[in-house]
Amino acid sequence: MVFGWGKKKEVQSEEVPSEKQIPLSEVSKIVRKMLELRTNQILNDIKSIRDNTEPLISDLISIGNTLEKDNLQVDDIDKHIRIIVVRGKQQVIDMIKKDANHLPKINSFDDVENMHTVLNQMLKKIGDVLGRQTRVIHIFAKKYAEKLKDILQKMNSNNIEIQQLLKNYTHTRSISEEITGSLQEIDNLKDTIVKKEHRIAEIKNHISSLSTKITNYEDSIKKIHSSEKYLKFLELQKVLDSFSGEKNQLKNEINSQFTKISRPLSRYEHVSSMEKEQKTLLSKLIEDPFGVLTPKNKDSIILILENVRKGISSGSISVKDVEKSFSYLTEIEESLAGYITRVSDFTEKRQKIENQLSALQSDELTELVHNLQHATSDKDDSESKINLIESELNEERSTISKLISEIEVKLREFSNTVYVISR
């Protein structure tokens with residue numbers, strides 16, 4: 001058989017396979033051509049086997065006709081045995097008449113499966129009947145036994161060969177479909193690669209545009225930073241920053257003073273019934289006196305301090321040392337006006353600087369800084385996208401290379417030629 005199928009050939013000297021380089025675009029054509037050649041060769045081989053099997057069926061029918069006329073000389077044997085022999089003989093004859101049919105002709109590959117099914121069923125039925133009647137045939141019809149055995153062996157051998165050819169055809173078709181599928185997958189990957197490469201080009205153009213914008217923003221910001229107005233703004237910012245230290249110093253001084261009466265103030269908060277506004281002021285006076293020392297709150301704070309003094313005197317507010325608490329209250333009352341003035345002066349000076357800073361604040365600079373940050377972030381994101389897409393492209397190119405290598409291996413199953421696909 002051609003291509004090493006069917007019966008085994010005699011051992012021959014090994015042939016060195018030839019090598020041929022081809023472009024990927026030719027693979028599909030080569031596969032179609034090889035599949036067509038293989039299909040036609042297999043079809044011709046099966047036709048030949050079918051034609052070799054037909055005379056065997058005719059021989060089988062001839063034996064059945066001859067056996068039907070032969071009485072097998074059973075007249076002299078035991079009656080009961082004679083019945084068994086006659087019945088067995090008739091079963092064999094009936095089976096041959098019914099099941100030994102001529103095989104359908106093969107005009108195309110679609111006819112092969114039908115013919116193979118018919119041959120399979122024929123061999124099974126004949127084999128079943130002859131198997132049951134084997135003793136009758138071998139003892140009382142010896143001259144038919146060897147002929148039947150020889151015919152069935154040849155028919156079985158032909159059937160096995162057809163099965164192998166069909167198996168080879170299925171395998172060949174499967175390999176062909178796998179190669180076709182791989183070629184389609186490669187085409188899809190190539191389309192994806194082209195789209196991603198185009199996308200990378202778009203992103204790079206976008207990055208180039210962003211780089212130009214970033215440079216322009218930075219130049220504009222530098223120009224503003226070098227202006228006299230901005231230098232004055234920086235000086236005022238330094239002055240404002242220095243106020244933090246002054247505020248902390250004054251705040252710590254006031255907190256230290258009010259901490260001395262924190263206990264009686266807290267007790268007064270719990271034992272007294274005050275209006276909501278005064279109660280809120282008392283709570284803030286306990287938590288952060290700096291924040292409420294204003295001219296507006298002066299009288300209310302003095303009222304709270306005097307009520308605390310009265311509570312200590314009446315005993316409704318308990319303290320460890322009454323005289324010391326009175327002394328602290330007096331000390332705070334006497335220094336309250338001074339603290340309020342210092343806090344007001346500080347607040348006024350800071351507000352003045354803040355107003356000057358606000359007047360010098362550049363809306364253009366604020367917008368430029370915002371745009372610079374946005375453009376820089378956009379550029380970083382775009383560069384990350386390129387890295388991700390390039391990683392995907394590397395993986396897809398690697399997949400194409402792997403698929404091409406697999407196609408080369410599968411092509412080797414079609415032909416002795418070693419096809420090397422140019423990358």
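The values are calculated or read from the model by the stated rules, or taken from the named source; none is laboratory data. In this text, all values refer to a predicted model and were calculated from it rather than measured experimentally. Counting neighbours? That spans all protein chains shown, and the Cβs are built from the backbone with ideal geometry, glycine included.
Values for this structure:
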quantity: Whichever residue in segment 370-417 is exposed (fewer than 14 other Cβ atoms within 10 Å of the Cβ) and hydrophobic (A, V, I, L, M, F, W, C) and, among such residues, is farthest from residue 201 (Cα to Cα); calculated: 409
quantity: From the options 60, 43, 67, 37, residue that is at pLDDT 75 or above, assigned by TED's automatic domain parsing to the domain that holds residue 143, in a helix (DSSP H, G or I) and under 24 Å from residue 133 (Cα atoms); calculated: 60
quantity: Test for residue 237: is it free of Cβ contacts under 8 Å to residues at least 40 places away in the same chain and assigned to a helix (DSSP H, G or I); calculated: no
quantity: Conditions (1) at pLDDT 80 or above; (2) assigned by TED's automatic domain parsing to the domain that holds residue 316; (3) out of contact with any Pro (no Cβ under 7 Å at 6 or more places or on another chain); (4) among the aromatic types (Phe, Trp, Tyr): number failed by residue 217; calculated: (2)
quantity: The lone exception for residue 92 - which of (1) buried (at least 17 other Cβ atoms within 10 Å of the Cβ); (2) at pLDDT below 80; (3) under 56 Å from the mean Cα position of the chain (by Cα) it fails; calculated: (3)
quantity: Failed item in (1) free of Cβ contacts under 8 Å to residues at least 12 places away in the same chain; (2) closer than 30 Å to residue 358 by Cα, with residue 246 passing the rest; calculated: (1)
quantity: Residue in segment 339-352 that is more than 14 Å from residue 260 (Cα to Cα), within 60 Å of the chain's Cα centre (by Cα) and surrounded by fewer than 16 Cβ atoms within 10 Å (Cβ to Cβ) present; calculated: yes
quantity: Counted residues, segment 99-120 - those being surrounded by fewer than 13 Cβ atoms within 10 Å (Cβ to Cβ), part of a helix (DSSP H, G or I) and not polar (S, T, N, Q); calculated: 2
quantity: In segment 288-310, the residues that are of a type in the set (Ser, Thr, Tyr) and part of a helix (DSSP H, G or I); calculated: 300
